Amino acid sequence: MAAKVYIGKKNGRMGAWVAGPGVDAAGETGRMILDSDLDHLKLHQSGRAVTTSEWAGSQYIHFALTINFTALAYQPLIFLGIEFIGATNAISYPPGIGYVSGDLFADIQPKIFSDRIEIAQFYSDVEHVGFAYHVFENRLTP
Amino acid sequence: MATPRLFINGNPGRIVLSKSGYDATSPSLAEGNKIFDSDWLFSGVVVLQGLIQTSLSSGSGSFTIPFPKELGYEPSVMAYYAEASAGGLRLVTVQPAFYWLGTSITSRVYAPIRAYSNRLEVTYPAYNSADPVLQNGENVFRNYRASMLVTVLGV
């Protein structure tokens with residue numbers, strides 16, 4: 001019978017494993033909910049920020065936006081969703097992709113630092129653009 | 001007596017960790033008041049992450065990023081083209097592809113990424129003489145080392 005939880009020594013490695021549906025926690029393969037062999041996402045900070053914009057003749061200009069978070073010692077993994085408020089209220093993911101007049105554009109190129117995310121000025125047909133972010137304590141760079 | 005925050009059951013096996021002030025042994029414990037539940041389908045297992053320097057300049061067919069172990073399933077993958085920029089890391093790409101903005105040209109390189117149970121394979125972009133953008137991109141790809149930000153989730 002497949003074990004749901006396995007704590008102890010597995011082929012010489014001490015640890016704890018919690019298996020997904022149909023997977024044996026005592027085995028070596030399969031989707032694990034907790035896996036001592038691998039890293040896990042560790043949430044550092046999350047929130048939502050909205051750009052400041054103004055009409056620039058043919059489109060809205062969205063001024064540069066900085067999302068600050070408590071400083072880490074490295075550049076962290078982030079998940080960033082783009083929200084076009086008032087249009088479709090759609091969340092667009094991943095970063096680097098956006099929406100203008102039914103087409104896609106790739107002008108949002110967020111920069112990740114150890115204490116902030118910087119989003120440069122960009123244009124959109126949509127007046128209000130929000131960014132939902134999750135910063136994880138998982139390092140991108142050594 | 002303090003509210004128990006850890007529930008362990010042997011058969012069927014289950015572990016529940018609750019937030020402070022909430023009873024982990026309660027069958028009606030709300031999801032939002034849990035820190036961990038072994039019945040979840042995912043709790044943040046990361047197979048692989050980091051910035052990977054690619055090396056397709058030789059024009060070989062593909063390159064491989066091995067996983068730390070055989071998973072027994074094909075995992076979810078997020079990959080971006082990324083480059084160092086003024087002390088930060090700039091995310092450029094859309095998934096699952098490379099996107100290159102050169103200094104004098106703007107070109108795209110689509111490099112399909114395929115996940116296997118023990119590795120990722122990034123395929124060298126196909127040459128297409130009818131597509132000058134791709135052709136241009138391929139030349140850029142051939143001549144420069146790109147970096148790719150990869151996150152492989154254990155789900």
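Read the figures in this text as sums done on the coordinates, not as results from a lab. Just so it is clear, the model here is predicted, and its values are computed rather than measured. With ideal geometry, Cβ positions are generated from the backbone for all residues, glycine too; neighbour counts draw on all protein chains shown.
The H on the amide N of A:TYR123, modeled in the peptide plane, is under 5 Å from the matching H of A:HIS62, each at least 5 residues off or on a different chain. The residues packed around A:ALA49, meaning those with a beta-carbon under 12 Å from its beta-carbon, carry a net charge of 0 if Lys and Arg are +1 and Asp and Glu are -1. Straight-line reach from A:LYS111: taking Cα to Cα under 29 Å and skipping same-chain neighbours fewer than 8 places apart, the lysines in range are A:LYS42.
The amide H of A:GLN45, built 1.01 Å from its N in the peptide plane, has A:VAL135 as neighbours under 5 Å, considering only residues 5 or more places off or on other chains.
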